[in-house]
1. Pick from region 93-113 the residues that are closer than 30 Å to G197 by Cβ and touching a Phe, Trp or Tyr at 6+ places or on another chain (Cβ under 9 Å): which of them is most open to solvent (accessible area, probe 1.4 Å)?
2. Within region 34-48, how many residues are polar (S, T, N, Q) and surrounded by fewer than 17 Cβ atoms within 10 Å (Cβ to Cβ)?
3. Of the residues L208, L192, which is touching a residue at least 24 places away in the same chain (Cβ under 8 Å), of a type in the set (A, V, I, L, M) and assigned to a helix (DSSP H, G or I)?
4. Can you name the residue in region 114-148 that is more than 16 Å from the ligand (Cβ to nearest atom) and modelled with pLDDT under 95 and, of all such residues, is most open to solvent (accessible area, probe 1.4 Å)?
5. Mind checking which residues of region 218-244 are of a type in the set (F, W, Y) and surrounded by fewer than 17 Cβ atoms within 10 Å (Cβ to Cβ)?
6. Please count how many residues of region 187-217 are β-branched (V, I, T) and buried (at least 16 other Cβ atoms within 10 Å of the Cβ).
7. What is the residue count in region 149-183 for residues that are of a type in the set (A, V, I, L, M) and within 16 Å of the ligand (Cβ to nearest atom)?
8. Would you tally the residues in region 49-92 being surrounded by fewer than 17 Cβ atoms within 10 Å (Cβ to Cβ) and part of a strand (DSSP E or B)?
Amino acid sequence: MWKLRFGMAWKAVMLLLVCAAVTSAADFGYGVQRGPGTWARDYEQCNGKHQSPININKMAVIKMEYPKMNYYNFDLRPKSVTLTNNGHTVLVTMNFTEGKEPRLSGGPLKIDAVYQFEQFHFHWGENDTLGSEDMINNQRYPAELHVVMRSLKYPDFASALDQEQGVVVLAFFFKVVERPLNPYYGEFVEMLSGIRGKDSSKNLVEPLPLWKFLSTYSTRYYSYIGSLTTPPCSEEVLWIDYQDAIYISEYQR
Ligand SMILES: [Zn+2]
């Protein structure tokens, strides 16, 4: 039996992904020359007034009572789960039988609004040099997962952008613990080494339901109106930051 430090394996792969981003991304980056401060040159909205990420100051949060959040099909097994290196991050898409896609309603969402799963992706230290994007009481987490969902009022993601609450992002922070192992990230981490080149992708052998990659059906979250955190930085995005972190182990067998 041998052990591979999870953190090191994760970081090594992420570092490779960053290299891919630096050498081949023609659109935006996180370095000095193409960093967030320069994005507004090409994407005007990146200078907007409601830009994410933010720091959530717990003292300034207003406690609200919302109706229960309804999670539909989050526990359904997709037909396939595809990991793609898009040059900036690992993008995860899922293929479902039509009508069986994960959907969301209730909570802070507008009455009668229903959102459908588009993709999820990650932000981590080696990619943006900062770890998680949003902070809570100025504390950053080592990584953050964003589940992007589109309002079913719009036929596709592009037409939902910039519409009032056309897009919802569910944000989950990661916490690294020594044990126990997170069984749902086993194959995922192994697959990362197979998508080192930009635009390369792989399917998981075992297509797990969306919820397995998240924390819990948490009822504790912060919500605010912000923006996409990468160009085109579209605003009017409703953010839901969950307080319960996803635990991943420092070790992976
Ligand atoms: Zn994101």
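1. So, considering only residues that are closer than 30 Å to G197 by Cβ and touching a Phe, Trp or Tyr at 6+ places or on another chain (Cβ under 9 Å), the one most open to solvent (accessible area, probe 1.4 Å) is T93.
2. Residues that pass the stated criteria total 2.
3. Values: L208 fails: assigned to a helix (DSSP H, G or I).
Going through L208, L192 in turn, the sole match is L192.
4. By that ranking, first place goes to N138.
5. Scanning region 218-244 gives a single hit, Y224.
6. Quick first cut of region 187-217, residues β-branched (V, I, T) only: 189, 195, 205, 216.
Filter once more, so that each one left must be buried (at least 16 other Cβ atoms within 10 Å of the Cβ): 189, 195.
The total comes to 2.
7. 8
8. 4
The values are calculated or read from the model by the stated rules, or taken from the named source; none is laboratory data. All values derive from a computational prediction rather than experimental measurement. In this analysis, Cβ positions are derived from the backbone assuming ideal geometry, glycine residues included, and neighbour counts consider all displayed protein chains. Remember, those area values only see protein heavy atoms, side chains included, never the ligands or the DNA or RNA. Shrake-Rupley method; radii C 1.70, N 1.55, O 1.52, S 1.80 Å.
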